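Structure below; questions to follow.
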Amino acid sequence: MYRFALFASLAVGLATPAAGQASYDDPPLVSHVVTFRDLNLATETGAQELDRRILAAARYVCRTPTASNIIPFMYSRRCVDGAVREAQPRVVSAVQLARRNQLRDSAIRVASH
């Protein structure tokens with residue numbers, strides 16, 4: 001009985017991923033760099049174009065092989081929302097710095113979730 005319990009606990013330990021380790025079901029993280037060197041972020045038009053580029057990059061990094069299945073579509077939507085939400089503070093910061101003529105960066109990385 002003791003041997004069975006020991007074997008069972010070892011089998012469960014080997015079957016579960018370690019803390020912080022991705023499982024095989026997790027999609028790989030993908031990122032894309034959005035450049036805005038050509039935009040004047042001090043203007044509303046420039047800020048809106050950066051928002052469009054961030055959304056396009058989020059859609060790109062979160063794309064799924066097929067959109068015909070509802071599960072990949074739901075994952076993709078959540079992924080896009082998360083990627084845009086994560087990039088938004090950097091967008092706001094870039095626009096604020098541009099309006100004060102203090103902007104030094106020219107790109108933002110958008111990553112899948």
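Please treat every number below as a calculation from the coordinates, not as lab data. Just so it is clear, the model here is predicted, and its values are computed rather than measured. Note: ideal-geometry Cβ built from the backbone for every residue, glycine included; neighbour counts use all protein chains shown.
Between Glu49 and Leu97, what is the label-point separation in nm under the 7 Å Cα-to-beta-carbon projection?
With each label point 7 Å from Cα toward Cβ, the separation is 1.9 nm.
At a Förster radius of 22 Å, what calculated FRET efficiency corresponds to the Cβ-Cβ distance of Arg78 and Arg109, to the nearest 0.05? Write out the running numbers ahead of the final one.
On the way: r = 19 Å, r/R0 = 0.88.
With a Förster radius of 22 Å, E is 0.70.
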